[in-house]
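Enquirer: Mind looking over this structure? Questions follow.
The values are calculated or read from the model by the stated rules, or taken from the named source; none is laboratory data. Just so we're clear, the structure is a prediction, and the values are computed from it rather than from any experiment. Cβ sites come from the backbone with ideal geometry, for glycine too, and all protein chains shown count toward neighbours.
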Amino acid sequence: MLRLDRTVPAPADLGVAVIGVPEGSDVALSLRLESVVEGVLVSGTARVERVGECVRCLDPVADSVDLALQELFLYADQDVDDTEAARLQGDLLDLEPVLRDAVVLDLPAQPVCRPDCPGLCPQCGARLADEPGHSHDVTDARWAALADLTRSTTKET
């Protein structure tokens, strides 16, 4: 068994359009490598900083998260039907796909700056958190004929 604690730079494209881990930012790995019959079992955690923007108000969103990692890297001579199985390449193993799977699967589908974020006004784009009473007098075009009818009725009386 071997324990490994290292900080490595994050690879490119570790995220989605609205949130992800910036390329080159620190990824703190705390790993345990164990020799097993089939290969090397890697387990541990990765700490990453996620950066993005709120999907409701477009404010910056950032947090730090610890992710669990575990993967069995098979020896090159192991005969296994699983073509997707991770394999050792000589004495080396590639942790990037394992890290990528852990990070991307843990990303929020719609990150928000806070759970009750009211977002932006659909008419003018004002931040509703800054102006809680913000509103517009907009008549739905589908009801415009009725609005004209009520105006003409009030004029006749």
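Enquirer: Any chance you could count how many residues in the range 58-78 are buried (at least 17 other Cβ atoms within 10 Å of the Cβ) and farther than 23 Å from Leu41 by Cβ?
Expert: The total comes to 1.
Enquirer: Looking for whichever is crowded, with 16+ Cβ neighbours inside 10 Å, in contact (Cβ under 8 Å) with a residue 12 or more places away in the chain and part of a strand (DSSP E or B) here; the options are Val27, Val8, Val55. Which one fits?
Expert: On the way: Val8 fails: crowded, with 16+ Cβ neighbours inside 10 Å; Val55 fails: part of a strand (DSSP E or B).
Checking each option against the conditions leaves just Val27.
Enquirer: Quick one: Asp91 ticks every box in (1) closer than 25 Å to Ser25 by Cβ; (2) without any contact (Cβ under 8 Å) to a residue 60 or more places away in the chain; (3) surrounded by fewer than 15 Cβ atoms within 10 Å (Cβ to Cβ) except a single one, so which number is it?
Expert: Only one criterion is unmet by Asp91, namely (1).
Enquirer: All but one of (1) assigned to a loop (DSSP other than H, G, I, E, B); (2) modelled with pLDDT of 85 or more hold for Val65; which doesn't?
Expert: Val65 satisfies every listed condition except (1).
Enquirer: Just name the residue that is farthest from Val98 (Cα to Cα) out of those in the range 11-24 that are surrounded by 15 or more Cβ atoms within 10 Å (Cβ to Cβ) and small (Gly, Ala, Ser).
Expert: Gly20
Enquirer: If you don't mind, there's one more thing I want to ask. Can you tell me which of (1) surrounded by 10 or more Cβ atoms within 10 Å (Cβ to Cβ); (2) modelled with pLDDT of 75 or more is the one Pro132 doesn't meet?
Expert: Condition not satisfied by Pro132: (1).
Enquirer: Go through (1) surrounded by 12 or more Cβ atoms within 10 Å (Cβ to Cβ); (2) not assigned by TED's automatic domain parsing to the domain that holds Gly20 one by one and return the number of the condition Gly125 breaks.
Expert: Only one criterion in (1) surrounded by 12 or more Cβ atoms within 10 Å (Cβ to Cβ); (2) not assigned by TED's automatic domain parsing to the domain that holds Gly20 is unmet by Gly125, namely (1).
Enquirer: Tally up the residues in the range 33-52 that are basic (Lys, Arg) and surrounded by 16 or more Cβ atoms within 10 Å (Cβ to Cβ), please. Before you say what the answer is, go through the steps one by one.
Expert: Our first condition is that a residue be basic (Lys, Arg); within the range 33-52, this holds for 47, 50.
Still in the running and surrounded by 16 or more Cβ atoms within 10 Å (Cβ to Cβ): 50.
The qualifying residues number 1.
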